[in-house]
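To keep things clear, I will list the structure first and then write my remarks on it.
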Amino acid sequence: MASFAAPPPRGGPMVVQPLRKRHCAECRCGPLPLVVVEGGVPRCLDCGDLGHLVFLPRGDTALTRRAREESALSAVVVRFERRRGRYERQGVLVEEAGLARAEERCLADAEARRRRRVRDAGRRAAEDVRFTAAFAAEIRRLFPGCPQERARTIAAHASVRGSGRVGRSAAGRALSEGAVISAVVASVRHVDTPYDQLLMSGVPRHEARRRISVRVEGVLRGWRESRARMPEAAVDVRVRSGDSRPWLPERGRP
């Protein structure tokens, strides 16, 4: 029988998934799905004293590691990949009892991880609420004429976790003036101008921005100048009290 090429030793038993049909050199059984290579000849798992082990495919790193820890005997299963010209790991052979113990450990960890994810999600949600409120307050500080609900909408959109929007940039998280203004400008561009329609009609982005620039600046100017139209005393009182509602003169007063 021709010798069977085996992968280089890595420590501990190694089993091969053969690419061609192979039969055991001792008991002649086959074809074999898994082959133990000894002395250049293939043997079945039983003849190689590994027949009591069960196959665990690759994919779950924690389960594989724990199954090997719980097994007195284990073997790595490899297959030769012609395209890459090398042996690649396909899984492991482990003791059935060891695999059962490893699965129990992983299930216990999975429940602990689930509880931790729930706690983390709650913490992140609370952080997001606080950050969105701070972002909206900064919008109202820079643009006092911006309606409160609109400021909240802009802040909520800009600060969505994982969105990559300006509110989640380093400058946005620091509530820098430039980041806040960028979020407001973007909202005005899409909501208060025909910018989206221009883009859909084929107008290049830079040209579309040029066409709406006057309208955008007009909205921003109106929101900025709102504070200037309020009596100075009223502005001071409103700022100190933290009241963000639009100021209106009382009846009977000019």
Handout entry: Residues whose placed amide H lies under 5 Å from that of residue 15, excluding near-sequence neighbours
Key = 76, 77, 78
Practice task
May I ask you to compute the full-extension gain from residue 115 to residue 185, defined as 0.36 nm times their residue separation minus their alpha-carbon distance, rounded to one decimal in nm?
Solution key: 21.2 nm
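Charges only on Cβ, +1 for Lys and Arg, -1 for Asp and Glu: so what's the dipole of region 20-136 about the Cα centre, in debye to the nearest 20?
Working: 26 positive and 18 negative charges, 144 e Å.
Charge dipole of region 20-136: 700 debye, to the nearest 20.
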Fill in the blank from the handout: In whole Hz, the Karplus estimates of ³J(HN,Hα) for region 103-112 (6.51, -1.76, 1.60; θ = phi - 60°; x where Gly or Pro) are 5, 5, 4, 5, 5, 4, 5, 4, 5, 5
Problem - Label point 7 Å beyond Cα of residue 60 along Cβ direction - residues of region 100-143 with amide nitrogen under 15 Å - result: 100-114
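No value in this document is a laboratory result; all are computed from the given coordinates. Computed from a prediction, not measured in an experiment: that's the story for all the values here. Methodologically, a virtual Cβ is constructed for each residue, glycine included, from the backbone with ideal geometry; neighbour enumeration extends over all protein chains shown.
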